[in-house]
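As structure tokens, the structure follows; a few thoughts come after it.
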Amino acid sequence: MVTCGMECSCQKTLNPCCPDIDFGLLEPYLSQFSGTDAKRNLIAILQKAQDIYGYLPMEIITHIARRCGIKTSKVVGVVSFFTQFRTKPIGKNHILLCQGTACHVNGSLAIEEAIKDTLGVGEGDISPDGLFTYTNVACIGCCSLAPVFMVEGKTYGRLNKDKAVKILKDIASGEEEAPE
């Protein structure tokens, strides 16, 4: 019998309490590490898990903690400390909106309003069509192009409201290719 550690004693072998999550996708990677190797490589393991699942739901965090012999609270601490990790799913296209000093003084708040109005979402939410999520970040490092946002690794600079809206609509319609 396998238990998931979440007050359950179901008889399923791979994914006892979380039928929507295939823990087996992460197993080949987890099996490379044991004991102190797993602890030393926790960030890499979390990155791989996020690559596989798109985000880190609590069930995955708990599974990683158990498999690595680390307290769940410690893994949660690492996940919550590093902004690279997400605990909620995101849309197909993840927009990183720079709110650094250069972007802020050049109108990033207006760009944020354009994103909210165009997509009908708040920060961290998924647009109704499932295509977009936006996140404010401290700095993208493209100050000379301020204000800036990135969509799936592609940088869009010297934005104004109209340009930002056009880019978002072009991505949504498939006219602008957001990188895979």
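The values are calculated or read from the model by the stated rules, or taken from the named source; none is laboratory data. No experiment lies behind these values; they were computed from the predicted model shown. Ideal geometry is used to build each Cβ from the backbone, glycine not excepted, and the neighbour counts take in all protein chains shown.
Exactly one residue out of 144, 127, 108 is in the same structural domain as residue 157 (by TED's automatic domain parsing), over 19 Å from the mean Cα position of the chain (by Cα), among the hydroxyl-bearing types (Ser, Thr, Tyr) and surrounded by 13 or more Cβ atoms within 10 Å (Cβ to Cβ), and it is 108.
Here residue 122 fulfils each of the conditions (1) farther than 30 Å from residue 36 by Cα; (2) free of Cβ contacts under 8 Å to residues at least 24 places away in the same chain; (3) over 18 Å from the mean Cα position of the chain (by Cα) apart from (3).
Here residue 3 clears all of (1) more than 22 Å from the chain's Cα centre (by Cα); (2) at pLDDT 90 or above; (3) among the hydroxyl-bearing types (Ser, Thr, Tyr) except the condition numbered (2). Among the residues of segment 66-116, those identified as charged (D, E, K, R) and in contact with a strand residue (DSSP E or B) (Cβ under 9 Å, 6 or more places away or on another chain) are 86, 88, 92, 112, 116. If you take the residues of segment 111-124 that are surrounded by fewer than 20 Cβ atoms within 10 Å (Cβ to Cβ) and of a type in the set (Val, Ile, Thr), which of them is nearest to residue 173 (Cα to Cα)? Of everything passing the filter in segment 111-124, 118 is nearest to residue 173 (Cα to Cα). For segment 104-131, a residue qualifies if it is part of a helix (DSSP H, G or I) and either closer than 22 Å to residue 88 by Cα or of a type in the set (D, E, K, R) (or both), and the qualifying residues are 112, 113, 115, 116, 117, 118, 119.
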